[in-house]
Amino acid sequence: MQTHPVIKLADIHKVYHTGEVDVHAVRGISLEVFPGEFVALMGASGSGKSTLMNMIGALDRPSGGSYLLDGIDVSTLDRDALADVRNEKIGFVFQGFNLLSRTSALENVEMPMQYNRHRIQSHEQRERALAALELVGLGPRADHHPNQLSGGQQQRVAIARALVNRPSLLLADEPTGNLDSQTSIEIMGVFQKLNDQGITIVMVTHELDVARFTKRMVILRDGKIVTDEAVQNRSVAEKELQRLRQEQQAVQLAS
Amino acid sequence: MRIVASLKIAGRALRRNKMRSLLTMLGIIIGVGAVIGSVSLTSGATKQVEDQVSSLGESVITVFSGNFTSGAMRGGWGSAPTLTVADTLAIAGLKNVVAVSPEVRDRAQVLANGLNWNTQVMGESPDYPQIRNWGVASGAMFSDQDVRSIAKTAVIGKTVADQLFPNENPIGQTIRIRNLPFLIVGVLAPKGFNLFGQDQDDTVVVPYSSHMHRITTRTFVNSILVQAANDKVIDSVQNDITDLLRARHRSKEQDFTVRNQLELMQAVTATSRAMSFLLAGVAAVSLVVGGIGIMNIMLVSVTERTREIGIRMAVGARAADILVQFLIEAVTLSAIGGSIGIIGGVSFSEIVAYFKDMPTVTPVLWIAIAFVSSAVIGIISGFYPAWKASKLDPIDALRYE
């Protein structure tokens, strides 16, 4: 493991000034994530995990503390610089997929490259987008529009979109929240495959089942880290899928 | 962010709501179309009038003899016996006068080639074609020598030539005016109708001396045509003529009237300028209304697509990228509207011109103005919604339902 962390949070605070009461959402979090890690950020609602996730994703700036993303001090950047960081360093996967409807899967995946500060030729954009779709197993459906794809397929498109700018970090916010259990396992399989290829992934979830597919679990409560440990008995997507199929067969036989 | 990519996004967004886009553009389409259509038609009409005015000649001053009152008998301009050939020669000696022609008019039945025709017979000087800016199509104008010798020579207009000499060359032939044979030495170029609807080609021109001594027996001329050196000196020449004739006539009341071409031209252009201002006003109002429509729809569009804006920002779009995207969308909307309006306006005027037989001028300048101003309207009315979109917070935008 390299000594240079992808994420280095040092005593991060976040205070929201809403109305008369200040909400202290994150109270002094320090965290390091190294390349190749697969981290689950867990916690009940109100634990500050979404706030932390927004800050890690360079969508929001901390009120206090410092945040180095891939060696860049993100906590001092302005809006445009944050946008560039999001474009080059981070790939987002959302719970609700957040694809642009009425544009094909391919165009959705090409979209982040349009905002790349280093101009990418359109044929290269196409090649890279197709390669990313291939990686998530959607190569043949590049021309499909989101409404022609299942939830799992849409999430795969979103993952391809997150990967296309070759980010240092893949950031997933409840990526299986809108999916049934089998599709959830399939998507976690995609993440595991990507992680095996060396991609660093941080995932926010509140489901322990889902978190078991990761390598490291960080649990938050009231804006602080309460647990930070390696995952024991890590689930492997292929085996889980097999088991699920056997269970389904058993149910069918019984009925 | 590339402009081409932005245009593609804009095109897709506009196609998504075809009906809405069309209705939004309608304000611009109607405004631009109405302006281009009416400008085509009015500038066609104006040009026709201007052509007719300039067909009277350039820098031309006309001296009419005054009103005629003798006992109970009264006549209008040109009927009083006050202007003479001597007046004409005196005027010819004035500064900045390049050509003069005393004009004597009469109607007569002319015969030639076994045919007859009632036409206007004019007595003029050889300067007449130059003053009237009227070319001799074939043959030549009669000469000063013809004037001095009271020669029986004539130059005929196109209409007379067509009536009396169908399929024949009239030059060298004889035309009989009041039973006197005149030798045709030239045919004037076709000039068409004048401002008062008279066929200017329906005329026979003879030396004024011949007219006054042979056809009629007159000592006075109806009017005097004077050509000034250029339009700048036309007023001073006009004053000089007035002073000269007052002195020569020694009458208490002015017994003549002096008019120039410029006055007529100014009256015509003043009308068309007033029309242009009116049209520009209508155009401005309709473009503003169209712009408000675009701004309204762009605001709706920004609200509808808050989530899309959030997604784009999350994957790295800068505020400027979002601003440009929505600006381009607004400009595309207004520019397409403007273009449709221009096409509609031009076709409308062409159709009217075709069925009503009116001349049109395709107003290239106005088309350019209309296109540019509809694009500018797009920028102005699109700016606020685009700015609003670019100022969205990505977290809030992503959460927007």
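Just a few scattered comments:
- Strands (runs of 3 or more DSSP E) lying entirely in region A:180-255 (those with 3 or more residues that are touching a residue at least 24 places away in the same chain (Cβ under 8 Å), closer than 28 Å to A:His24 by Cβ and in contact with a helix residue (DSSP H, G or I) (Cβ under 8 Å, 6 or more places away or on another chain)): A:201-204
- Here is the figure for region B:181-192: residues that are surrounded by 14 or more Cβ atoms within 10 Å (Cβ to Cβ) and not in a loop (DSSP other than H, G, I, E, B) total 7.
- Restricting A:Asn116, A:Asn147 to residues that are assigned to a loop (DSSP other than H, G, I, E, B) and on the phi < 0 side of the Ramachandran plot narrows the list to A:Asn116.
- Qualifying residue in region A:1-15 (condition: within 14 Å of chain B (Cβ to nearest Cβ), more than 17 Å from the chain's Cα centre (by Cα) and at pLDDT 90 or above): yes
- Answer residue from region A:109-126, given it is under 20 Å from A:Leu169 (Cβ atoms) and either in contact (Cβ under 8 Å) with a residue 24 or more places away in the chain or touching an Asp or Glu at 6+ places or on another chain (Cβ under 7 Å) (or both) and is surrounded by the fewest Cβ atoms within 10 Å (Cβ to Cβ) among those: A:Arg117
- Tallying residues that are modelled with pLDDT under 85 and surrounded by fewer than 16 Cβ atoms within 10 Å (Cβ to Cβ) within region B:77-88 yields 1.
- Residue list for region B:228-255, restricted to those being free of Cβ contacts under 8 Å to residues at least 60 places away in the same chain, surrounded by 13 or more Cβ atoms within 10 Å (Cβ to Cβ) and of a type in the set (Lys, Arg): B:Arg246
- Qualifying residue in region B:21-38 (condition: at pLDDT 80 or above, more than 30 Å from B:Met358 (Cβ to Cβ) and among the hydrophobic types (A, V, I, L, M, F, W, C)): yes
- Residues that are small (Gly, Ala, Ser), within 11 Å of chain B (Cβ to nearest Cβ), farther than 25 Å from A:Val210 by Cβ and in contact with a helix residue (DSSP H, G or I) (Cβ under 8 Å, 6 or more places away or on another chain) do not occur anywhere in region A:37-60.
- Set side by side, the residues A:Leu220, A:Leu208 differ, and just one is over 12 Å from the mean Cα position of the chain (by Cα), farther than 24 Å from A:Leu135 by Cα and buried (at least 22 other Cβ atoms within 10 Å of the Cβ), which is A:Leu220.
- Within region A:223-241, the set of residues being among the small types (Gly, Ala, Ser) and exposed (fewer than 14 other Cβ atoms within 10 Å of the Cβ) comprises A:Ala230 only.
- Annotation: A:Ala25 fulfils all but one of (1) more than 30 Å from A:Ala132 (Cα to Cα); (2) surrounded by fewer than 20 Cβ atoms within 10 Å (Cβ to Cβ); (3) not acidic (Asp, Glu); the unmet one is (2).
- Conditions (1) touching a His at 6+ places or on another chain (Cβ under 9 Å); (2) surrounded by 22 or more Cβ atoms within 10 Å (Cβ to Cβ); (3) assigned to a loop (DSSP other than H, G, I, E, B); number of the one not met by A:Phe97: (1)
- Unmet requirement for A:Arg61, which otherwise passes all of (1) closer than 18 Å to A:Thr205 by Cβ; (2) assigned to a loop (DSSP other than H, G, I, E, B): (1)
- Scanning region B:351-365 for residues that are touching a residue at least 40 places away in the same chain (Cβ under 8 Å) and assigned to a helix (DSSP H, G or I), we see that the one that is nearest to B:Arg15 (Cα to Cα) is B:Val352.
- Residue identified as crowded, with 17+ Cβ neighbours inside 10 Å, in a helix (DSSP H, G or I) and at pLDDT below 90 among B:Ile336, B:Ile369, B:Ile340, B:Ile377: B:Ile369
- The sole residue among B:Thr119, B:Thr153 that is in the same structural domain as B:Val98 (by TED's automatic domain parsing), on the phi < 0 side of the Ramachandran plot and in contact (Cβ under 8 Å) with a residue 60 or more places away in the chain is B:Thr119.
- Comparison of B:Asp201, B:Asp240 shows that the only residue that is in the same structural domain as B:Pro190 (by TED's automatic domain parsing) and not in a helix (DSSP H, G or I) is B:Asp201.
- Residue in region A:157-169 that is touching a Ser or Thr at 6+ places or on another chain (Cβ under 7 Å) and under 26 Å from A:Arg117 (Cα atoms) present: yes
- In summary, A:Gln153 fulfils each of the numbered conditions (1) of a type in the set (S, T, N, Q); (2) within 14 Å of chain B (Cβ to nearest Cβ); (3) buried (at least 16 other Cβ atoms within 10 Å of the Cβ); (4) not in a loop (DSSP other than H, G, I, E, B) with the single exception of condition (2).
- Sole residue being without any contact (Cβ under 8 Å) to a residue 60 or more places away in the chain and either within 14 Å of chain A (Cβ to nearest Cβ) or touching a helix residue (DSSP H, G or I) at 6+ places or on another chain (Cβ under 9 Å) (or both), chosen from B:Val288, B:Val258, B:Val300: B:Val300
- Members of region A:89-123 that are over 19 Å from A:Leu138 (Cα atoms) and within 7 Å of another protein chain (Cβ to nearest Cβ): A:Gln114, A:Tyr115
- When residues of region A:127-140 are limited to those that are surrounded by fewer than 17 Cβ atoms within 10 Å (Cβ to Cβ) and over 20 Å from the mean Cα position of the chain (by Cα), the one nearest to the other protein chains (Cβ to nearest Cβ): A:Glu127
- Strands (runs of 3 or more DSSP E) wholly inside region B:89-180 containing at least 2 residues that are modelled with pLDDT of 90 or more: B:97-112, B:115-124, B:153-156, B:174-177
- Output for region A:67-88, where each listed residue is surrounded by fewer than 23 Cβ atoms within 10 Å (Cβ to Cβ), at the interface with chain B (Cβ under 10 Å from one of its Cβ atoms) and in contact with a Pro (Cβ under 8 Å, 6 or more places away or on another chain): A:Glu88
- Residues that are more than 7 Å from chain A (Cβ to nearest Cβ), aliphatic (A, V, I, L, M) and crowded, with 24+ Cβ neighbours inside 10 Å, drawn from region B:311-326: B:Ile322
The values are calculated or read from the model by the stated rules, or taken from the named source; none is laboratory data. From a predicted model like this one, the values you see are computed outputs, not experimental measurements. When we count neighbours, we look across all protein chains shown, and the Cβ atoms used for this are built from the backbone with ideal geometry, even at glycine.
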